[in-house]
Amino acid sequence: VNGTMTDLFQKGFILDMGKKGKKLLNRKTLFERWVAAYTDYLKPKLLLGRFRGDGDWWKEVQLDPVLAQWGGEVAAAKLTRYLKPGIVTLYADKNRLTELVIANRLKKDPHGNVEILERFWPPLNYFGEGETVHPILIYADLAAIGEQHTMETARMIYEQHLDGYFGQD
């Protein structure tokens, strides 16, 4: 954490206000940098496996947020009712991967349309809306796909759920 804070100070993202504490600056620029870094560096390291499910199997599944949460296109579809998912993204506890795969009858497939990523936050810290991850991560997942329709949905997610975080600096 100390290294990250020092880096943020050096890059002008944190202002030391003395006795008033510290202030985060240029939040939107920092967010955009995080999305790019997440896509290029962290997300590839989180992949637990690729699978294939039968049809739109995810529509009937009620996830236990302790076990897993929807990310990417499925989470965006649930939030906006706009996108028809092509890729199903799940963030899960790696120790319960087998349980998740069996419960949803997923088949190992290196080219499958289901990606299961390791959740990098504790399951019950409310990082998201119950069965979906936080909109910041949904946005990053959609940006990683980079197709026109997913980018359009990412803009909707930004406007509806994220804009307030980045308004006034």
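Quick note: the coordinates plus some simple rules give every number you see, no bench work behind them. If you're wondering where the values come from, they're calculated on a predicted model, not measured in any experiment. Note that we place each Cβ from the backbone using ideal geometry, even for glycine, and neighbour counts take in every protein chain shown.
A few comments on the model shown:
- Set side by side, the residues THR89, THR153 differ, and just one is in contact with a Gly (Cβ under 6 Å, 6 or more places away or on another chain) and surrounded by 18 or more Cβ atoms within 10 Å (Cβ to Cβ), which is THR89.
- PRO65, sole failed condition from (1) under 18 Å from the mean Cα position of the chain (by Cα); (2) part of a helix (DSSP H, G or I): (2)
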